[in-house]
Amino acid sequence: METFDAPERPHVPSTGDERAQLDAWLDFLRATLLRKCDGLNAAQLKERPVASSRLSLLGIVRHMPFVEQVWFETSFAGHETIEYYKNEGDRDADFNDLDSDALEVVMDLYLHAVKDSKELSAGHSLDEVEKKPRRGRAVDLRWIYVHMIEEYARHCGHADLLREMIDGATGY
């Protein structure tokens, strides 16, 4: 893959029930992160344009499958997982070790994690509580959705600034 081509973003309906809105906004933000990478090559995606930060677009894309896994696969569904890009020696390997996988592999893992999250949450009530609570408190699927929307929104903001610093591109 010479450059990454992002898929189209889904439409977010202006009306709808709570679940439809949560699903739509989460999918929109997932796609927005990928749009921030659109047209860039691997070297550009690895750039860390802020000297005081380890953030890169590729690092954020590598980080989000881990977040998807933690909340949907491990906490909500209760599955044992091998966390993408994490290792005992470096809990931030997703941000730090940008050369361990080809761009195609990184994007495939991202899309796979999103697909798994969607499948694991489909058909479940927003009131259903996670099977493996984290940090001493149990949360419901609604909380997980809201948290994931917050997590993606925060990282999409980071991605906005990184992309602008890489090639000047801006846009929502």
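The values are calculated or read from the model by the stated rules, or taken from the named source; none is laboratory data. Everything numeric in this text was worked out from a predicted model, so none of it was measured. Because the Cβ atoms are built from the backbone with ideal geometry, glycine has one as well, and the counts that use them run over all protein chains shown.
Taking only pairs six or more apart or across chains, which ones have beta-carbon atoms under 6 Å, a first residue in region 47-70 that is over 30 Å from Leu120 (Cα atoms), and a second residue that is modelled with pLDDT under 95?
Arg54/Phe95
Which of the helices (runs of 4 or more DSSP H) contained wholly in region 50-151 include at least 2 residues that are surrounded by fewer than 18 Cβ atoms within 10 Å (Cβ to Cβ) and of a type in the set (A, V, I, L, M, F, W, C)?
Counting at least 2 such residues, we get 103-121.
Determine if region 83-100 includes at least one residue that is closer than 22 Å to Thr3 by Cβ and among the aliphatic types (A, V, I, L, M).
Yes: one or more hits.
Do you know which of the residues in region 152-172 that are assigned to a loop (DSSP other than H, G, I, E, B) and touching a helix residue (DSSP H, G or I) at 6+ places or on another chain (Cβ under 7 Å) is surrounded by the most Cβ atoms within 10 Å (Cβ to Cβ)?
My answer is Ala169.
Collect the residues in region 36-49 that are crowded, with 21+ Cβ neighbours inside 10 Å and in a helix (DSSP H, G or I), keeping them in residue-number order.
Leu45
Could you check how many residues of region 2-44 are at pLDDT below 95 and closer than 20 Å to Gly59 by Cα?
Qualifying residue count, region 2-44: 6.
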